[in-house]
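Peer 1: Structure provided below as structure tokens; questions to follow.
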Amino acid sequence: MNNKPYPKTLVTELAKFGKRPTGDAEWDACILQACRNNRKSAPTWLSLHDAALRFREEAEKVRKQAYNLADPDVYSAHSAFVMHIANNIVLAPQRRKFIVDDNNRDVLRFLLYYFNNCPLAEEVFPGRGYKLHKSILIQGGVGVGKTLLMQIFSEYLQRTNNPRFFWNLSVTQMVNYYTIHNNLDRFTYNEEECRGFKCNPQNVCLNDIGIQDRTFFGMDTGLLTDEFLHARNEIWTQYGKFAHLTTNLGNNELQKRFKRNDGFGRLVDRFKTYNVIPLMGKSRR
């Protein structure tokens, strides 16, 4: 990666030809050279430069629309809104309140930063190597609040029009879909309503993986989960779409479970592309 500062003279020289910089010094220098030399290929360079500027403008628009949770006041407002959603939308039907304690306080902080693409997320748990570009895998015992957390953040992201919004799903839903359609398309590439070879994968969270492996109308639900994970890893790599997970299984149990149908250990290795978050405490149910 080139960390050299962008030369201010390049901005000035490009302006002489009525051109705006992209911020990529190497590319902009090529554009300047094309303008100065007036070579035959200049129209091609300038056409591509317009495309590069459009891409930059789109990226800048997305950046400006994002909330800056590095600002303590902005963070405080969003934190309060998450609690409002937890108590008045997600838990309201059960007539109970969401409890923040030492077991989930830092996890909540991390998730709020993470889903708003704030770099401070990577500083919440020093030494764990959590990254903004990785998906989430929450581990914990029965009833500690794994699925509840993801339900809350799914609602929060939807109501703040956040591009990291995800659909909160269960293994049972996935199995039912497969029973009806004989494929996992909606949970993976989502090609059914697309044209040509273009697909439209969505961000999702699949809850309670690895603990509902059983035969369901003649199907091994464990194999369906494995197929889902293989496809979603490819989707994450090619399209940058997330597949978050929750599970009751610890690290050793996860390795044992997902090596069962995968002698090469590919699925276990791919869990390295997740931020694996342990959620401690007693059942909150």
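The values are calculated or read from the model by the stated rules, or taken from the named source; none is laboratory data. For clarity, every value in this text was computed on a predicted model and none was experimentally measured. Virtual Cβ from ideal backbone geometry, glycine too; neighbours counted across all protein chains shown.
Peer 1: Is it the case that ILE85 is surrounded by 13 or more Cβ atoms within 10 Å (Cβ to Cβ), in contact (Cβ under 8 Å) with a residue 40 or more places away in the chain and in a strand (DSSP E or B)?
Peer 2: Details: surrounded by 13 or more Cβ atoms within 10 Å (Cβ to Cβ): yes; in contact (Cβ under 8 Å) with a residue 40 or more places away in the chain: yes; in a strand (DSSP E or B): no.
Against the criterion (surrounded by 13 or more Cβ atoms within 10 Å (Cβ to Cβ), in contact (Cβ under 8 Å) with a residue 40 or more places away in the chain and in a strand (DSSP E or B)), ILE85 does not qualify.
Peer 1: Considering (1) at pLDDT below 75; (2) under 16 Å from ILE136 (Cβ atoms); (3) loosely packed, with under 14 Cβ neighbours inside 10 Å, say which one ASN251 fails and leave the rest.
Peer 2: (1)
Peer 1: May I pose another question? Which residue out of ILE138, ILE85, ILE99, ILE89 is at negative phi and assigned by TED's automatic domain parsing to the domain that holds LEU249?
Peer 2: On the way: ILE85 fails: assigned by TED's automatic domain parsing to the domain that holds LEU249; ILE99 fails: assigned by TED's automatic domain parsing to the domain that holds LEU249; ILE89 fails: assigned by TED's automatic domain parsing to the domain that holds LEU249.
Only one candidate passes the filter, namely ILE138.
Peer 1: While we're here: Identify, by number, the condition in (1) under 16 Å from the mean Cα position of the chain (by Cα); (2) outside any strand (DSSP E or B) that GLY143 doesn't meet.
Peer 2: For GLY143, the exception is condition (1).
Peer 1: Right, next: Could you please find all residues in the stretch 165-212 being under 18 Å from the mean Cα position of the chain (by Cα), outside any helix (DSSP H, G or I) and free of Cβ contacts under 8 Å to residues at least 24 places away in the same chain?
Peer 2: Matches in the stretch 165-212: ASN190, ASN200.
Peer 1: For residues that are outside any helix (DSSP H, G or I), farther than 22 Å from GLU60 by Cβ and not polar (S, T, N, Q), tally how many sit in the stretch 18-40.
Peer 2: Restricting attention to the stretch 18-40, the residues satisfying the condition of being outside any helix (DSSP H, G or I) are 18-24, 38-40.
Restricting the remaining residues to those that are farther than 22 Å from GLU60 by Cβ gives 38-40.
After this cut, where a residue has to be not polar (S, T, N, Q) as well, the list is 39-40.
Total satisfying the criteria: 2.
Peer 1: Give the residue that is surrounded by the fewest Cβ atoms within 10 Å (Cβ to Cβ), with candidates limited to residues of the stretch 123-139 that are closer than 20 Å to TYR156 by Cα and not charged (D, E, K, R). Give the derivation first.
Peer 2: Pass one, the stretch 123-139, residues closer than 20 Å to TYR156 by Cα: 132-138.
Applying the additional criterion that residues be not charged (D, E, K, R) yields 132-133, 135-138.
Numbers: LEU132: 16, HIS133: 10, SER135: 22, ILE136: 23, LEU137: 21, ILE138: 24.
Looking at the filtered set, the residue picked out is HIS133.
Peer 1: Also, quick follow-up: Identify all residues within the stretch 64-82 that are within 21 Å of the chain's Cα centre (by Cα) and not in a helix (DSSP H, G or I); write none if there are none. Let's see the steps before the verdict.
Peer 2: Keep residues of the stretch 64-82 that are within 21 Å of the chain's Cα centre (by Cα), which gives 64-70, 75, 78-79, 81-82.
The answer is ALA66, TYR67, ASN68, LEU69, ALA70.
Peer 1: Hey, another quick one. Restricting to the stretch 97-122, give me the number of residues that are in a loop (DSSP other than H, G, I, E, B) and either within 15 Å of LEU157 (Cα to Cα) or at pLDDT below 95 (or both).
Peer 2: Within the stretch 97-122, the subset in a loop (DSSP other than H, G, I, E, B) is 97-104, 116-120.
Now drop any that are not either within 15 Å of LEU157 (Cα to Cα) or at pLDDT below 95 (or both), which leaves 116-118.
Number of matching residues: 3.
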